[in-house]
Amino acid sequence: STLRKHAILRKVGKNKDIIITRPDKGNGVVTLNRKDYLAGLYDILKDTTKFRKLNLDPTLKRERALQRYLRSLKSLNFLSEEVYRRIYPCGSYPARMYGLPKMHKAFTSVPSFRPIISSCSTFNYDLAKHLSDLLSPHIPQTYSTKDTFSFVHEVNKISFEGKCMVSFDVCNVFTNVPLNETIEIAVSTLLENNPSLTINRHQLKKLFNFATAQTHFSFNGDMYDPIDGVAMGSPLGPVLANLFMGHHEQRWISN
């Protein structure tokens with residue numbers, strides 16, 4: 001049965017007018033008309049407050065700028081040889097955007113899409129991974145739960161007599177995170193919790209800007225720059241989103 005399904009998908013996949021992908025949440029296979037898929041993603045990209053179309057591919061220019069900055073930090077002994085070699089970019093490619101259909105949300109004929117920016121092999125991927133590893137241990141956990149299983153375990157210990165459960169959702173949290181504010185929170189968090197860091201605030205902030213604000217990507221032959229928010233697909237995306245929410249939840253709930 002499984003082999004027959006694979007054979008059918010391979011046959012369908014030869015039709016260039018059809019997109020075969022997976023849903024945004026859960027398992028499964030989704031087939032879509034390519035024109036509907038493209039229309040859904042162009043509908044997202046037309047938001048000029050979030051994306052800017054570029055005339056040229058800036059990969060080489062941005063890679064060289066980051067290379068020069070990393071060399072200057074190393075010459076001033078702000079980066080160890082190990083970290084320098086790990087995050088120094090070479091032979092980079094632009095990120096690419098694709099969309100995952102939100103099959104769990106109600107729709108009439110075509111689902112909405114979650115834009116994913118695949119950042120592997122980009123000029124700032126290794127830098128973003130390094131900053132993510134530094135920042136992850138310091139994200140506020142007071143009002144967080146590790147995963148669904150932990151949540152169920154914790155809820156089962158609560159008496160619901162006279163209570164009800166309410167769920168709130170942040171709309172498009174990744175693209176709506178205010179990037180400059182979140183970078184300031186991230187830099188302050190790292191400097192407060194890592195006294196051994198030799199790098200200063202200005203230099204650290206510039207590294208975060210390289211790793212986030214300059215994550216250009218391609219889609220259907222065109223190049224784009226994000227204007228605000230963090231890219232879902234970058235190692236820093238979920239870390240910065242969780243940091244922003246955790247930082248403000250502590251203030252909101254205390255009030």
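The values are calculated or read from the model by the stated rules, or taken from the named source; none is laboratory data. Worth saying up front: this structure is predicted, and the values here are computed from it rather than measured. Cβ: placed from backbone, ideal geometry, glycine included. Neighbour counts: every protein chain shown.
Side notes on the structure shown:
- Yes/no for D24 being under 21 Å from T215 (Cα atoms), surrounded by 12 or more Cβ atoms within 10 Å (Cβ to Cβ) and either of a type in the set (A, V, I, L, M, F, W, C) or in contact with a strand residue (DSSP E or B) (Cβ under 9 Å, 6 or more places away or on another chain) (or both): no
- A241 meets the conditions (1) surrounded by fewer than 22 Cβ atoms within 10 Å (Cβ to Cβ); (2) in a loop (DSSP other than H, G, I, E, B) in every case but one. The failed one is (2).
- If you go through region 102-138 and keep only what is in contact with an Asp or Glu (Cβ under 6 Å, 6 or more places away or on another chain), among the basic types (K, R) and in a loop (DSSP other than H, G, I, E, B), you end up with just K102.
- When L56, L3 are checked against the criterion of being of a type outside the set (D, E, K, R), closer than 30 Å to Y84 by Cα and either modelled with pLDDT under 90 or not in a helix (DSSP H, G or I) (or both), a single residue qualifies: L56.
- When A186, A211 are checked against the criterion of being of a type outside the set (F, W, Y), in contact (Cβ under 8 Å) with a residue 40 or more places away in the chain and more than 20 Å from H248 (Cβ to Cβ), A211 stands alone in meeting it.
- One residue from L9, L32, L66, L38 being modelled with pLDDT under 95 and either part of a helix (DSSP H, G or I) or touching a Leu at 6+ places or on another chain (Cβ under 8 Å) (or both): L9
- Residue within region 142-161 that is aromatic (F, W, Y), in contact with a Ser or Thr (Cβ under 9 Å, 6 or more places away or on another chain) and farther than 16 Å from G237 by Cβ present: yes
- Residue in region 117-139 that is at positive phi and either in contact with a Ser or Thr (Cβ under 7 Å, 6 or more places away or on another chain) or modelled with pLDDT under 95 (or both) present: yes
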